[in-house]
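Structure first, commentary second.
The values are calculated or read from the model by the stated rules, or taken from the named source; none is laboratory data. Everything quoted here is computed from the prediction, not taken from an experiment. Using ideal geometry, Cβ is built from the backbone for each residue, glycine included, and neighbour counts are taken over all protein chains shown. These accessible areas exclude ligands, DNA and RNA; they are computed on the full protein's heavy atoms, side chains included. Shrake-Rupley method; radii C 1.70, N 1.55, O 1.52, S 1.80 Å.
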Amino acid sequence: MKSKLKYIAPYALITLIVFFSWLLTHQDNKSDETSVNDKITHIRSFHLSSDSTKLKTVASGTVFVKDNERLIKDVQIIARIEIDPADWGGVAFYIPDKWHVSSILNSYPENKVQSKPTNNVSTWTTESKNSKWNTMIEIGRNRSYKYTGGGTGTVVINIQPDNKAISKTDIFTIGVEVGSKEEDGGIKVMGTDSVEVPVSMSRDE
């Protein structure tokens with residue numbers, strides 16, 4: 001019996017050491033704090049609806065500004081949209097000059113098997129040097145003026161600046177528009193309601 005205990009004891013000790021090491025490691029992991037809003041300098045929200053028409057199209061979201069070593073590194077626009085079934089104008093986002101779009105995520109229209117979200121996004125870029133806007137991103141817009149069937153979805157747009165062409169004291173503006181209508185005489189109008197979201201580049205805003 002003593003002989004068996006002689007061999008079992010070292011293994012038991014090793015098992016206890018491993019167990020306590022595992023316990024300490026997991027306790028340390030639990031105590032680690034997850035970073036929240038890391039390097040986010042500004043947060044701006046917006047809400048827009050097609051109030052000037054009978055349509056019920058809405059775009060509501062937030063703009064997050066992130067910097068890195070005192071340079072604006074990335075701006076993220078996250079919006080929840082709802083487009084009226086009778087609205088061919090949908091929702092559009094306008095990105096200012098000296099900025100470029102790095103990526104777009106889109107789920108509109110959600111829960112519609114026959115419609116692909118990638119087919120409901122159009123990106124237009126101007127070559128004009130005098131334009132206020134550099135890029136326009138359209139969601140659920142039909143330039144043939146036909147109803148798209150509407151729906152809901154989430155859009156995430158990441159944009160980045162040309163740090164050589166902008167200043168930390170600049171204030172840039174993101175444009176958002178919704179809705180459509182037909183005026184007297186058959187004139188088609190898209191973007192019946194709009195809002196501009198000003199965002200400062202400076203930490204000292």
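Among the residues of the range 68-90 satisfying the criterion of being within 14 Å of the chain's Cα centre (by Cα) and open to solvent by less than 40 Å² (accessible area, probe 1.4 Å), which is farthest from Asn134 (Cα to Cα)?
The qualifying residue farthest from Asn134 (Cα to Cα) is Ile81.
Of these, Ser122, Ser107, which one is more than 17 Å from Val197 (Cα to Cα), over 15 Å from the mean Cα position of the chain (by Cα) and surrounded by 15 or more Cβ atoms within 10 Å (Cβ to Cβ)?
Exactly one of Ser122, Ser107 is more than 17 Å from Val197 (Cα to Cα), over 15 Å from the mean Cα position of the chain (by Cα) and surrounded by 15 or more Cβ atoms within 10 Å (Cβ to Cβ), namely Ser122.
Surrounded by 13 or more Cβ atoms within 10 Å (Cβ to Cβ) and acidic (Asp, Glu): which single residue out of Glu127, Glu138 fits that description?
Glu138
So that you can scan it fast, the table gives a plain yes or no per residue for (1) over 22 Å from Ala86 (Cα atoms); (2) polar (S, T, N, Q); (3) touching a strand residue (DSSP E or B) at 6+ places or on another chain (Cβ under 9 Å); (4) part of a loop (DSSP other than H, G, I, E, B):
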position: Thr135; (1), (2), (3), (4): yes, yes, yes, no
position: Thr148; (1), (2), (3), (4): no, yes, yes, yes
position: Val155; (1), (2), (3), (4): no, no, yes, no
position: Asn158; (1), (2), (3), (4): yes, yes, yes, no
position: Asn163; (1), (2), (3), (4): yes, yes, yes, yes
position: Thr173; (1), (2), (3), (4): yes, yes, yes, no
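Yes/no per residue for (1) within 17 Å of Val75 (Cβ to Cβ); (2) at pLDDT below 95:
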site	(1), (2)
Glu127	no, yes
Ser131	no, yes
Arg143	no, yes
Ala165	yes, yes
Thr169	yes, yes
Thr173	yes, yes
Ile187	no, yes
Asp193	no, no
Ser200	yes, yes
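Residues of the range 50-64 being assigned to a strand (DSSP E or B) and either surrounded by fewer than 17 Cβ atoms within 10 Å (Cβ to Cβ) or touching a Leu at 6+ places or on another chain (Cβ under 6 Å) (or both), which ones?
Selection gives Ala59, Ser60, Thr62.
Give me the pairs: first residue in the range 37-49 and within 14 Å of Gly175 (Cα to Cα) and among the hydroxyl-bearing types (Ser, Thr, Tyr), second residue open to solvent by 80 Å² or more (accessible area, probe 1.4 Å) and at pLDDT 95 or above, beta-carbon distance under 8 Å, and six or more apart or on different chains, which are they?
Sorted first by the residue in the range 37-49, then by its partner, the pairs are Ser49/Lys56.
Quick grid of which residues meet (1) modelled with pLDDT of 95 or more; (2) hydroxyl-bearing (Ser, Thr, Tyr); (3) more than 20 Å from Trp133 (Cβ to Cβ); (4) in a strand (DSSP E or B):
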| site | (1), (2), (3), (4) |
| --- | --- |
| Ile17 | no, no, yes, no |
| Thr25 | no, yes, yes, no |
| Lys66 | no, no, yes, yes |
| Ala92 | yes, no, no, yes |
